[in-house]
Ligand code: HEM
Ligand code: HEM
Ligand SMILES: [Fe+2]
C-alpha cells in the first residue's frame, strides 16, 4: 500500500523518473538539437526568401499529422507507466505496443515525405533550407527509431514480468526518452514547417 | 597481479616507454630545426624527423594500449589469457617491424623506401601519420588481429564486464578503421576524406572507448567504488562520444572540396565533442572523492585525475577553440592546430597509458605500489611533463595567433616564411619547455629503479 | 486502493487533459501554417504555443513538475533559450 506513495514521493524528493543516467543523456541530446535548431533559425535569418520559398514545398499536412501521432504515442507511454505503477504488467505491455505502433506510423509517413523529396531530385546540397530540413528530420527520424528500440526492449521485459509496482525504473527510463523524442518534434514542426 | 598471464603486459609497457623517449628526442630535434634551419642537415631532414616523431607516438601508444589490454582482460574476465605465448610472439613481431620501419625512415630516402617496399604495386604511403610502408601496415593489421583474437577468446571464456566489452569494442574499432589506410584513391578530395576515417575516428572515436575503459578500470581498482556506478558513467561517456564524434568528423571537411553542409554538421556536432571529455573529468574526480579505500598507489590516482583534466583541456577546450567553421577558416593548419594536437595527444592518450602503467607496473613486479621515494619521484615527473606540456601548448597557441594575424588577417598579409620569422621567440620558448619535458621523462624512467620499502601485492 | 486512486487523479487524469490540450494547440499551429500566416506577432504566438506545449510535455508527461527546482529550471531554460533564440533570429531576418 505504501509503495504507491513511495513512487510518487520519490519524485518529490527531487530526481526525475527513470534512471538518472538517461537524464544526462536526454539533456545532452536536447543540447545537440537545440544548437541545430538555432543554427537553422540564424541561417534562415540570412536567407529569408529562400527559406520561405522552399518551405512552401513541404508537406505541412504530414508534418501536422506526425505531430498528432507522436503526441498521442507519448500519451500512450504515460498510460504504460501508470499501468506498471499499479503493477499491471499486461496493460503496460499493451500501451507500450500501441505507442511503438504509432512510432511506426510516424516513420512511414516520414518515409513518404522523404520519398517525395528525393524523387524530386532534392538532396542535402540543393540549398541551405533543404540541407537543414533533411538533416534535422533525418536526425530526428533516427531518434524515433532508437526510441522505438528502447521501448521495445522495455516492452519485452514487461512482457516477461520483469517489472512490478515497486520496481519499474526501466519503464520510466524508456518513457522519458520517448517523451524527449516527442518534445523535439513539437519544436521542429513549427520551426521548419510553419514559421515564416 | 592475479593471473600469471597478465605478465605479458610488461614487455609492452617497457617498449612503450622506450619508444616514448625516442619520440621526444625527435620532437626536440625538430623544435631546434624550427629555429636553426640547418641543424643536422642533411643527416635528418625535418620531414623525416617529423615522420619519426609522429609514428613513434602512434606506435608507443599502441604498445601501451595492447599492454593495458593484456593486463586488464584476464583480470576482468577472471581467467588466464587465451594464449600468453601468442601475445609474446606478437610483441616481438611488432617491435621488430616497428624498429625496422624507423631504421628505414632514417637510413634510406623515403622514395627509395617506398620503392623497396612495393609501394608502386599498392600505393598507401606518403600521408601524415600513415607513412608506414605497405609491409609494416600489413604487419600492424596482423598484430592487431592476433591480439583481438587472443583477447576476444579470453573474454568469451570468462566473465564479461562492461569494461572489457568497451575495451574490446575500442580495439576492434581501432583495427577496422586502420583498414582505411590501405585505401588511397587518386582523387585528392577522396584521399583526404578517408584519411580522416582513420585519423579522426581513431582519436575522437574508438580510442576514446579505450581511454574510457582504461580510466574506469584504474578508478575501480584505486577507489573501490561500486562497479555499477562506474559502469553507468562509462556507458554515458561512450554514448556521448559516439553521438558527437562520428559526425563531428565534419570539422575536417570544411575546406577540402566536400559539400558545404559539412560546415554545419562539423560545427554543430564537434562543438559537442568536449562534453564526453568533460564527463570524464567529472567522473574521475567524483569517483576519487567517493573512494572507499586509500590505495597505496598515490601516483596512479594522480595520473588518473591528470588524464581527466588534461584530456578535457587539450581535446575539449583547445579542440573547441578552432572547431567552428568560421574560426577554422582562419586557423586551419596553423600552429594552433599543433598546440591542440600536442596537448590532446599528451593529455588523453599519453597520460592514460602512463596511468595504467603506473597502476599495473608495480603489480607486475609483485607489489601493490612502489616505495614512497619512488612515488614521489614519479609525481615529480608527472608535474614536470604536464606543466611543460601546458607551456608548449601556450607558446604554440601564442605563435599560432600571431601567425593567423600576420599571415591571414592583417591588411598586408605576410608570406608563410616571413610570418614564421616573426614568431621565432615562441619557438625558442617551446624548445626550452620541451627540454623540461624531457627532464620529466627521464625522472619518470628513473622512478622505476628507485628502491625502498614496499608493500606486497594483495 | 486509495493510492491507486491517488495516482489516477494525480497522474493519469492531468496527463489526459494535457494530451487533449496538446492536440488543440497543435491544430492552432497547423491552422496558422495552413493559412501561411507570417509576421512578428504570429510568429511570437507560435513560439509561445510551442513553449507551452514543451512545458506540458516536460512537466506532465516527463514528470518534471514533481522534481526539484533545478531540473525544472534546466528544462525551462532550454526551452526559453531555444525559443528565444528562434525569436531573435526571426527578428534579425526581418531587416
Ligand atoms: C584526444 C582527442 C584528440 C586528439 C588526440 C586530437 C588530435 C588532433 C591532431 C593531431 C590534429 C591535427 C591533424 C592534422 O595533422 O591535420 C587535430 C586537428 C583538429 N582537431 Fe583534434 N584531437 C582530439 C580531439 C578534438 C576535439 C574534441 C575537437 C573539437 C572539439 C578537435 C578539433 C580539431 C580540429 C577542428 C582540428 C583541425 C584543425 C585544422 O583545421 O588545422 N579535436 N586534432
Ligand atoms: C616535448 C617536446 C616536443 C617537441 C619539441 C615537439 C615538437 C614537434 C614539432 C616541431 C612538430 C612538427 C610541427 C610541424 O609540422 O610544424 C610536432 C608534431 C607533432 N607532435 Fe610533437 N613535440 C614534442 C612532444 C610531443 C608529445 C609529448 C606529443 C604527444 C604525446 C607530441 C605529438 C605530436 C603530434 C601529434 C604532432 C603532429 C601535429 C600536427 O599534425 O598538427 N609531441 N612536434
Ligand atoms: Fe577531429
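Take the conditions (1) within 16 Å of ligand 3 (Cβ to nearest atom); (2) within 22 Å of the chain's Cα centre (by Cα); (3) at pLDDT 95 or above; residue B:216 misses just one of them, which is (1).
For the stretch B:312-326, a tally of residues being more than 14 Å from ligand 3 (Cβ to nearest atom) and away from chain A (no Cβ under 14 Å) returns 3.
Listed here are the residues, each with its yes/no results for (1) more than 14 Å from chain A (Cβ to nearest Cβ); (2) part of a helix (DSSP H, G or I); (3) within 16 Å of ligand 1 (Cβ to nearest atom); (4) in contact with a helix residue (DSSP H, G or I) (Cβ under 7 Å, 6 or more places away or on another chain).
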site	(1), (2), (3), (4)
B:414	yes, no, no, yes
B:428	yes, yes, no, yes
B:436	yes, yes, no, yes
B:439	yes, yes, no, yes
B:449	yes, no, no, no
B:453	yes, no, no, no
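When residue B:180 is tested against the conditions (1) surrounded by fewer than 20 Cβ atoms within 10 Å (Cβ to Cβ); (2) without any contact (Cβ under 8 Å) to a residue 24 or more places away in the chain; (3) more than 16 Å from ligand 3 (Cβ to nearest atom), the lone failure is (3).
For the stretch B:211-327, list the helices (runs of 4 or more DSSP H) that sit wholly inside it and hold at least 2 residues that are within 16 Å of ligand 2 (Cβ to nearest atom); which are they?
Numbers: elements: B:227-248, B:261-271, B:274-289, B:298-311, B:318-321.
Those helices (runs of 4 or more DSSP H) span B:298-311, B:318-321.
Exactly one residue among A:19, A:9 is more than 7 Å from every other protein chain (Cβ to nearest Cβ) and modelled with pLDDT of 50 or more, and that residue is A:19. The number of residues in the stretch B:368-377 that are closer than 20 Å to residue B:223 by Cα and crowded, with 19+ Cβ neighbours inside 10 Å comes to 3.
If you go through the stretch B:182-200 and pick out every residue that is touching a helix residue (DSSP H, G or I) at 6+ places or on another chain (Cβ under 6 Å) and either within 16 Å of ligand 2 (Cβ to nearest atom) or at positive phi (or both), you end up with 3.
Quick grid of which residues meet (1) surrounded by fewer than 22 Cβ atoms within 10 Å (Cβ to Cβ); (2) within 30 Å of residue A:53 (Cβ to Cβ); (3) at the interface with chain C (Cβ under 9 Å from one of its Cβ atoms):
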{"site": "A:156", "(1), (2), (3)": "yes, no, no"}
{"site": "A:163", "(1), (2), (3)": "no, no, no"}
{"site": "A:172", "(1), (2), (3)": "no, no, yes"}
{"site": "A:176", "(1), (2), (3)": "no, no, yes"}
{"site": "A:182", "(1), (2), (3)": "no, yes, yes"}
{"site": "A:186", "(1), (2), (3)": "no, yes, yes"}
{"site": "A:189", "(1), (2), (3)": "no, yes, yes"}
{"site": "A:195", "(1), (2), (3)": "no, yes, yes"}
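Out of A:148, A:131, A:142, report the one residue that is within 21 Å of residue A:74 (Cβ to Cβ) and within 14 Å of another protein chain (Cβ to nearest Cβ). Going through A:148, A:131, A:142 in turn, the sole match is A:142.
Take the conditions (1) away from ligand 2 (no atom under 15 Å from the Cβ); (2) more than 28 Å from residue B:214 (Cα to Cα); residue B:48 misses just one of them, which is (1). Under the condition of being more than 9 Å from chain C (Cβ to nearest Cβ) and over 15 Å from residue A:162 (Cβ atoms), the residues counted in the stretch A:73-88 number 2. In the set (1) within 14 Å of chain C (Cβ to nearest Cβ); (2) under 30 Å from residue A:195 (Cβ atoms), residue A:168 fails one condition alone, (2).
Being more than 14 Å from chain A (Cβ to nearest Cβ), outside any helix (DSSP H, G or I) and within 16 Å of ligand 3 (Cβ to nearest atom) is a property that does not hold for residue B:341. Based on what the data block shows, is residue B:380 more than 16 Å from ligand 1 (Cβ to nearest atom), surrounded by fewer than 19 Cβ atoms within 10 Å (Cβ to Cβ) and closer than 26 Å to residue B:303 by Cα? Against the criterion (more than 16 Å from ligand 1 (Cβ to nearest atom), surrounded by fewer than 19 Cβ atoms within 10 Å (Cβ to Cβ) and closer than 26 Å to residue B:303 by Cα), residue B:380 qualifies. Might you let me know whether the stretch B:226-237 holds any residue that is within 16 Å of ligand 1 (Cβ to nearest atom) and either in contact with a helix residue (DSSP H, G or I) (Cβ under 6 Å, 6 or more places away or on another chain) or modelled with pLDDT of 95 or more (or both)? Yes, there is a match, as at least one residue in the stretch B:226-237 is within 16 Å of ligand 1 (Cβ to nearest atom) and either in contact with a helix residue (DSSP H, G or I) (Cβ under 6 Å, 6 or more places away or on another chain) or modelled with pLDDT of 95 or more (or both). One residue alone among B:95, B:100 is surrounded by fewer than 23 Cβ atoms within 10 Å (Cβ to Cβ) and more than 21 Å from the chain's Cα centre (by Cα), and that residue is B:100.
The values are calculated or read from the model by the stated rules, or taken from the named source; none is laboratory data. Owing to the predicted nature of the structure, the values given are computational and were not obtained by experimental measurement. Please note: Cβ atoms are built from the backbone with ideal geometry, for glycine as well, and neighbour counts cover all protein chains shown.
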